[in-house]
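First comes the structure, then the notes that go with it.
The values are calculated or read from the model by the stated rules, or taken from the named source; none is laboratory data. Computed from a predicted structure; not experimentally measured. Cβ atoms come from the backbone with ideal geometry, glycine included; neighbour counts cover every protein chain shown. What goes into the accessible areas is simple: the full protein's heavy atoms, side chains included, and nothing from ligands, DNA or RNA. Shrake-Rupley method; radii C 1.70, N 1.55, O 1.52, S 1.80 Å.
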Amino acid sequence: MSTARARFLRLERNGHSFTLELWPNPGARTVLFYPGTMLSPRHYRTLLAALREAGLGVAGLHPQGHGVNPHRGGFTFDSLLEDGLFAERRLHEAGLGPVAVCGHSQGGILAVAHAARSATLTAAFAICAILPHMPRAIELTRFARFARERARLERAIVRLGRALPWLPVPLAAYLSLGRVLAGHGKLVMARGGSRCTYPLGFLASLFSARIGTELHCPFRLYNARDDALFTPALAREFFSEIHAPEKSLVWLPDGGHLAPMTPVRAAFMARDMAAACAGLGMELRLEATATH
């Protein structure tokens, strides 16, 4: 999937802009993709290429403040979700529906929240996700030792987020980079364009987010058995909380938290998502492979 073939569509909502990175596949239906923490679709080219090669059209979301957009603050968990819902409507209006949604890590949480809000999605796929309000969600962070004080900690973070919403917080301040990187093997990912920090106001909105567990479409969760961040125990507990017309949990044998950046795991997930979408009536289009 050459970057020369991408089309970038700038969208405006409530006085701010964000971007869709479109990889059209004429005649195929579309997967709307939410990237993970501080990242953008450019960091998921391995997965997005695999989705297109599996027969789907791809719309990668560059959220407000991320990717090709100016890296400013002013966004919240809810505003990123509203942007995704707006993008889905635009895809339908452009004749690129039906639409499925997919996301990884923080993007997986947004994909689940999207599926709880939208009545027009065909399917939802999450590569690692959790409900932010789950008591054990704190285990993802460096604050796990304060699990018994979760409510007080949340209130303190929300108060600080209101008082100092602009305060920059680096990733390593609240997540262990060792756990994020563990088990990934050779990492295939674009290097530039990621954020270096998040404003405290956004982290407060994420930490205190409440998302629905009643999804309006079939749901599939992917999780690596060796994910040191979204551990199998957390994945099982999260999955048990989700209610959907159909749901399934697919275990990846390895790849760690960054499994979607690994070509073999990305190809497997893309083909599995495409098969699930086809079973739900979404049209696929496979390009002929040249022979020599």
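Per-residue SASA remark: His92, around 70 Å² accessible (1.4 Å probe; ligands, DNA and RNA not included). Backbone geometry of the range 216-221 corresponds, through the Karplus equation with coefficients 6.51, -1.76 and 1.60 at θ = phi - 60°, to 3J(HN,Hα) couplings of 8, 8, x, 10, 9, 10 Hz, x marking Gly and Pro. The H on the amide N of Val250, modeled in the peptide plane, is under 5 Å from the matching H of Leu221, Tyr222, Asn223, each at least 5 residues off or on a different chain. In the range 1-142, the portion of solvent-accessible area held by carbon and sulfur atoms comes to 50 percent [1.4 Å probe, whole percent, DNA, RNA and ligands not counted]. Take His243: with every protein chain present and a 1.4 Å probe, its accessible area is about 90 Å². Ligands, DNA and RNA aside, Asp78 has an accessible area near 100 Å² when probed at 1.4 Å. Ranking Val99, Val180 from most to least accessible surface, computed with a 1.4 Å probe over the protein chains only, gives Val180, Val99.
Only Cα pairs under 8 Å and 6+ residues apart enter the sum, and on that basis the relative contact order of the range 71-172 stands at 19 percent.
For the range 150-232, the gyration tensor built on C-alpha atoms gives an oblate shape. Its axis ratio a/c (a ≥ b ≥ c) is at least 1.5, and a/b is not larger than b/c.
Once C-alpha pairs closer than 8 Å and six or more residues apart are averaged by separation and normalised to the residue number of the range 6-127, the relative contact order reads 27 percent.
Scanning residues 5 or more positions from Val31 or on other chains, those with amide H under 5 Å from its amide H are Gly57, Val58, Ala59, Ala100, with H placed 1.01 Å from N in the peptide plane.
Against the chain, whose longest principal axis comes from its Cα atoms, helix 263-279 is set at around 70 degrees.
Rounded to the nearest 500, the 222 nm mean residue ellipticity of the chain from helices alone is -9500 deg cm²/dmol, with -39,500 (n - 2.57) taken per DSSP H run of at least 4 residues. Counting only protein heavy atoms and a 1.4 Å probe, the range 1-131 has 31 square angstrom of accessible area per residue. Beta bridges from DSSP with both residues in the chain: antiparallel share about 35 percent, rounded to the nearest 5.
When exposed loop sites are taken as trypsin sites (Lys or Arg not before Pro) in a DSSP loop with at most 15 other Cβ atoms within 10 Å, the longest stretch of the chain clear of them is 1-71. Per-residue 3J(HN,Hα) values for the range 39-55, derived from phi via the Karplus relation 6.51 cos²θ - 1.76 cosθ + 1.60 with θ = phi - 60°, read 10, 8, x, 4, 7, 10, 4, 4, 5, 5, 4, 5, 4, 5, 5, 7, x Hz in sequence order (x marks Gly and Pro). Considering only alpha-carbon pairs that sit under 8 angstrom and 6 or more positions apart, the relative contact order computed for the chain is 23 percent. With R₀ set to 45 Å, the beta-carbon distance separating Ser248 from Leu167 gives a calculated FRET efficiency near 0.65.
Protein-only accessible surface at a 1.4 angstrom probe places the residues Val58, Val264, Val250 in the order Val264, Val250, Val58, largest first. Of all the options Ile127, Ile109, Ile242, the one that moves most in a Gaussian network model of the chain with Cα springs shorter than 10 angstrom is Ile242.
Taking the 1.4 Å solvent-accessible surface of the range 190-254 as the whole, the part contributed by carbon and sulfur is 51%. Shown here: Rg and Dmax of the Cα atoms in Å, derived from the displayed model; of the candidates (i) 18.0, 65; (ii) 19.6, 65; (iii) 22.7, 80, it corresponds to (i). DSSP finds beta bridges in the range 6-86, and of those with both partners inside it, around 75 percent are antiparallel. Between Leu229, Leu215, Leu175, the Gaussian network model of the chain with springs among Cα atoms under 10 angstrom shows the greatest mean-square fluctuation at Leu175.
Couplings 3J(HN,Hα) for the range 116-127, derived from phi with the Karplus relation 6.51 cos²θ - 1.76 cosθ + 1.60 (θ = phi - 60°), are 7, 9, 8, 9, 10, 6, 8, 7, 10, 10, 10, 9 Hz, where x marks Gly and Pro.
Beta bridges from DSSP with both residues in the range 156-292: antiparallel share about 30 percent, rounded to the nearest 5.
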